[in-house]
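Notes follow the structure.
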Amino acid sequence: MSNQALPRPRFNAPEPERGSKAALKIEARTAPLLQGKVSEIPDAAFGWAMRLCGVAVVALLGLIVYQLVVGSTLSWHAFGWKFFGQSEWNPVSDQYGALPFIFGTIVSSLLALVIAVPLSLGVAVFITEMCPVGLRGILSFTTELLAAIPSVVYGLWAIFVLVPVLREYVQPFLAQTLGWTGLFSGPPYGIGMLAAGVILAIMIIPIISSITREVLTVVPQHQREAVLALGATRWEMIRMGVLRNARAGIVGAIILGLGRALGETMAVTMVIGNRPEIAKSLFAPGYTMASVLANEFTEATGDLYLSALIEIGLALFFVTIVVNALARLMVWSVTRGQPSRSIA
Amino acid sequence: MPDTNSNSAAVLVQPIDVPPISLRRRVVDHAMTAIAVLTVALVLLPLFAIFAYLVYKGIGSINLAFLTQTPKPVGEPGGGMANAIVGSMVILGIASLLGVPLGIGAGIFLSEYGRNRYGDIVRFVSDVLNGVPSIVIGIVAYGLVVMRQKHFSALAGGVALAIMMIPTIARTTEQMLLLVPQAIREAAYGLGVSRWRTTLSITLRTATSGVITGVMLAFARVAGETAPLLFTAFGNQFWNWKSDQPTAALSLQIFTYAISPFDEWHKQAWAGALVLIVLIVGAVAAVRIAVRRGTLAGA
């Protein structure tokens, strides 16, 4: 962020070795326009109120962890680590295993990355390196508009537009050309893992491309000029001078997109088919960790059932936290010390 | 540097003693440009498709009844989402009431008191909170409010959305306050204004337009959220004016109708989606215009 772009706030006090608070007191007391004694209580109270707000943010995270851990103890005691390795999910016999959901989450997210990464990189490279300056703002605004559409609207569109298109055109084509791999076999329902992957891809393209763009813009201009001076074409300049230098940041952007895909709920729930099965074919319906929560949480009658669902939530929380922290670190390693794109 | 004025285009001019760029490299160069243009087209295609379908399918289904009536039972034509539109506003109002002051407070802490280790912790935690899936926030609000009250409520939905707003508001407020020049703060101190007064009436005031933009960004982000409302606000087919009863929300209603097997409901879902987007864009635009018109020119 833009913190480093500005000097740290500091008082221009006559005695800088004293803390800013002391300096302030001196200023206030010697101010000629001021009448009467200035109370320090409002200042202190305000300061502590703001600190409390800061503490509240940390407390919120603590609260989330606490709620999830306490809620999932029952299931943890019943199944232990087996919970994540079992594929039976049966509320009637009170047997819960999260494997099909973990599988669905991972496969749909990876599929989304496979589709989204080349597209986002292409868009980012085009906007920063190739496109005419006048088009730049419009293009980045339009791609970011994609991020403003609510997830449920994506789902709605996917059900009524994307799924029929997949069913009628894309899936028969894939089955014909790539059916031998086993990934594209079975009846083309439209709804299923493939649809989930495609809609997730559309949803994470804005985040990957906007962060990649941010990373590409901080690659120093003289890197580009140096490569061009050696006689490189524009593509060679982009490959050697820009992409190579921005590698870590681009990987970070991709992981950030992965984090978004892992936790995405509504659109996926609406098109993935919601069947807890592990199938090789991408045409088959699946289920993800987030969608099982969306579908079954309110219907969970038994304590163990509810606890098992909360444990899935805990696992999802933990994975997204790790993925996000990793991504932030990688993006930061490239953009460090550079003003980031403005929020507005 | 021999000629610092030459821009990158000028560097492309070939000196005489360098062999010309081979055909293969030129073809690759052009192919890559073509591929990049193609990716842009592929990304813009779904965007236009979504908006086109929204307008095309939505406009046909919006009428006065849609905006003024509650849902009709299955099979009966007509009916609308008036209760869901109001319910969404109530939930978002509760969320803003809880989330905005806390978020701005945390932002003030980060920029004015938090240029140290403790601030770094809060900064990191807000970034972490930003990445928590919304459905997980829903579970937390369920445990916090629904389990205590023993029933679904607008309050629970508001709490869930507030938790999602806080980190975004905190970080953008911090950035906006840091953009206010230090000299302005010092000028206030020099006049004998106390620190809290300076922060509120000078620093925050100067950064108002930026802070509000951040708030609206957070608002727009949670306004369309569905997942955290599923088991907090729960949805309702009828009018509800109590904050401790299940409440309808536009996004929930869209979800329910979209996955239903009835054509009539599908139409309503499209209309609901269009109304939702118009409301979000409208709210953001209204606040921005109000800010611009006021005396709140940035620093």
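What number, in nm² with one decimal, is the all-direction average of the projected area of the convex hull of the alpha-carbon atoms of the protein assembly as shown? Present the calculation step by step, with values, prior to reporting the outcome.
Working: hull surface 140.9 nm².
So the Cα hull casts an average projection of 35.2 nm².
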As an exercise, use a Förster radius of 56 Å and the Cβ-Cβ distance of A:L63 and B:R25 to find the FRET efficiency, rounded to the nearest 0.05. 0.45
Distance histogram in 10 Å bins (all Cα pairs of region A:228-337, percent per bin): 13, 28, 25, 18, 11, 4, 1
Just to be sure I understand: with springs between alpha-carbon atoms less than 10 Å apart, which residue in B:R123, B:R26, B:R205 has the highest mean-square fluctuation in the Gaussian network model of chain B? B:R26
Cα centroid separation - region B:206-220 against region B:101-168, whole Å: 17 Å
Would you kindly derive the ³J(HN,Hα) couplings of region A:287-295 from the backbone phi angles with the Karplus curve 6.51 cos²θ - 1.76 cosθ + 1.60 (θ = phi - 60°), listing them in order in whole Hz, with x for Gly and Pro? 7, 10, 4, 5, 6, 5, 5, 4, 7
Using Stokes-Einstein with the Kirkwood hydrodynamic radius over Cα pairs, what translational diffusion coefficient do you get for chain A at 4 °C and a viscosity of 1.567 mPa s, in µm²/s rounded to a whole number? 54 µm²/s
Counting only residues 5 or more places away or on other chains, whose amide H sits under 5 Å from the amide H of B:Q69 once H atoms are built in the peptide plane? B:G80, B:M81, B:A82
Would you please state the base-10 log of I(q)/I(0) at q = 0.10, 0.15, 0.16, 0.19 1/Å for region B:81-293, with intensities from the Debye formula using one equal scatterer on every alpha carbon? -0.50, -0.95, -1.03, -1.27
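Strictly over 26 Å apart at the Cα level, which of B:K72/B:K242; A:K280/B:K57; B:K150/B:K242 would you flag in this model?
A:K280/B:K57
Fully extended, how many nm does the chain gain between B:A286 and B:Q69 (0.36 nm per residue separation, minus their Cα-Cα distance)?
Value of the extension gain: 75.6 nm.
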Along region B:59-76, Karplus-curve 3J(HN,Hα) (6.51, -1.76, 1.60; θ = phi - 60°) to the nearest Hz, with x for Gly and Pro, reads 4, x, 9, 7, 8, 4, 4, 4, 8, 10, 10, 8, x, 8, x, 4, x, 7
Compute the normalised compactness of region B:38-134: alpha-carbon radius of gyration over 2.2 N^0.38 Å, N being the residue count. 1.74
Long-range amide H contacts for A:Q95: which residues qualify at under 5 Å (H placed 1.01 Å from N, peptide plane, sequence gap of 5 or more or a different chain)? A:N90
Running a GNM on chain B with Cα contacts under 10 Å, which residue among B:W196, B:W265, B:W239 ends up with the highest mean-square fluctuation? B:W196
By how many nm would the segment from A:L326 to A:E277 lengthen if fully extended, with 0.36 nm per residue of separation less the alpha-carbon distance? 14.6 nm
Karplus ³J(HN,Hα) for region B:116-125 (6.51 cos²θ - 1.76 cosθ + 1.60, θ = phi - 60°; Hz, whole; x = Gly/Pro) runs 8, 4, 5, x, 4, 4, 4, 4, 4, 4
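Taken together, the values in this text are just the output of simple stated rules run on the coordinates, not laboratory data. Predicted, not measured: the structure shown is a model, and the values here were computed from it. Here the Cβ is made from the backbone with ideal geometry for all residues, glycine too, and neighbour counts use every protein chain on show.
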